[in-house]
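Remarks on the structure that follows.
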Amino acid sequence: MKKKVIKKSAAKDVEKDSQALVDKKKNVPEAETQADVSDVATSIAAPASEVKKAAKASEKSEIEAQDIQHEEEKKREPKVLLLEGDLGIAQVETLHKTWLAMLESASEIKMDAGGLNQVDTAGTQLIYAVIQDAKNRKLDVSWKSASQALRKSSEQLGLSDLMVL
């Protein structure tokens, strides 16, 4: 008997709560409810348009980045590193800066040292350093020619195998 009374009481509470919600809705003008729905729709639409703008901007940026990359690739071309005359410590600093700048725009390096008459330890080390830097940049390095002076200097320093002469 006690269970039936509790069930009836709970059912009455639910019925009262439902009726209160219905009464509350009746007291709100329909225009106000529609305005609220319209405001919600506008607040949802605004971010959607912002998302579309952001997507378009992102797509445009991606296309521009691809264009820049393509232009950079066109600028990169095979470079010939021509070594003639004497290569000693006096020329190393200037040549090092020049050669490093050249690596920035190279797609590959071809070494031409056939005209090199004399080369000292600093000069041989510079050539080796440039070759290693090119390889670290994933550039192909090949030799067109190497003078006897360079071969002798690189052998004395133990670099001829590393320089792939």
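Condition check for Ser153 on (1) of a type in the set (Gly, Ala, Ser); (2) loosely packed, with under 13 Cβ neighbours inside 10 Å; (3) touching a helix residue (DSSP H, G or I) at 6+ places or on another chain (Cβ under 7 Å): one failure, at (2). The number of residues in region 112-165 being closer than 18 Å to Thr94 by Cα and either touching an Asp or Glu at 6+ places or on another chain (Cβ under 6 Å) or assigned to a strand (DSSP E or B) (or both) comes to 4. For region 140-165, a residue qualifies if it is of a type in the set (Asp, Glu) and under 39 Å from the mean Cα position of the chain (by Cα), and the qualifying residues are Asp140, Asp161. Residues of region 143-165 that are free of Cβ contacts under 8 Å to residues at least 40 places away in the same chain and of a type in the set (A, V, I, L, M): Ala146, Ala149, Leu157, Leu159, Leu162, Met163, Val164, Leu165.
Rule-based calculations on the coordinates, nothing more; no lab input. This structure is a prediction, so every number in the text was calculated from the model and none was measured. Heads up, the Cβs are rebuilt from the backbone with ideal geometry, glycines too, and the neighbour counts pull from every protein chain shown.
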